[in-house]
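*Asks:* Structure in structure tokens, see below.
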Amino acid sequence: MDKKIYEHALFNGAKFGFFCICWTSFFYVLNSKNILPQPSFYTVSLLLFMILFSFIVTYIFKYSSFFSFKTYFSICFLFLAISLIILRVYYFLLYNYFDPHLISEYFDFYITNFDDYIIGDKNNFMNNFSFLKQLQAYVFSLIPCALYSALISLLVIKIK
């Protein structure tokens, strides 16, 4: 990968990752239940921001006169990967160090919305917030990012 592509995606991914931290913190301060995994303004807006900003970052990249699908895909995917790893590290810190009580709220949310036999006991549930489990969640969140990156790259090629 070209160094310019890498720097562009890394720099903008880090900026967007910190924007996501601010966005998450804002909704967390308003009400900690806002950041629970449920359809809410926070969840939908974060997803829309990710798609919109990845399109913008991919579209504004200017390095040479010829761009390929591979170039656009690399920019978009790396942008999303960097921003998501920053957000995952923040989630880990938020749930384990900044507000450990938030795990109890999360557990109560799951108890009221899902069957008990799916969740298991609270200690097993709390294991989901370990660093290893957060990395696993990050890896699985990269799967839709590959799809988003492919679609956005095709769209940018079509527009340019």
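The numbers here are math on the coordinates, done by the rules we state, and not lab data. Not measured: the values here are computed from a predicted model. Using ideal geometry, Cβ is built from the backbone for each residue, glycine included, and neighbour counts are taken over all protein chains shown.
*Asks:* Place +1 on the Cβ of every Lys and Arg and -1 on the Cβ of every Asp and Glu in the range 1-147, take the dipole about the Cα centre, and give the residue among L78, S130, S45 whose Cα lies farthest towards its positive end.
*Replies:* Farthest towards the positive end: L78.
*Asks:* Right, something else. Among the lysines in the range 31-142, how many pairs, 8 or more places apart or on different chains, have alpha carbons under 26 Å apart? Mind showing how you got there, number by number?
*Replies:* On the way: K33/K122; K33/K133; K62/K70; K122/K133.
Lysine pair count for the range 31-142: 4.
*Asks:* About the Cα centre, and with charges only on the beta carbon of Lys, Arg (+1) and Asp, Glu (-1), how big is the dipole of the chain? Nearest 20 debye, please.
*Replies:* Working: 11 positive and 8 negative charges, 184 e Å.
Computed charge dipole of the chain: roughly 880 debye.
*Asks:* Put a dot 7 Å past each Cα toward the Cβ at F107 and N128; how far apart are the dots in nm?
*Replies:* Placing both labels 7 Å beyond Cα along the Cβ direction yields 1.2 nm.
*Asks:* Taking 0.36 nm per residue of separation and subtracting the Cα-Cα distance, what length does fully extending S40 through L135 add?
*Replies:* Between S40 and L135, full extension yields 31.8 nm more.
*Asks:* Same structure again: What FRET efficiency comes out for S68 versus L47 if R0 is 41 angstrom and r is the Cβ-Cβ distance? Round to the nearest 0.05.
*Replies:* Efficiency for this residue pair is about 0.90.
*Asks:* Further question on the same structure: Can you give the FRET efficiency for K158 and Y6, using 1/(1 + (r/R0)^6), R0 = 22 Å, r = Cβ-Cβ distance, to the nearest 0.05?
*Replies:* Numbers: r = 25 Å, r/R0 = 1.12.
Efficiency at R0 = 22 Å is approximately 0.35.
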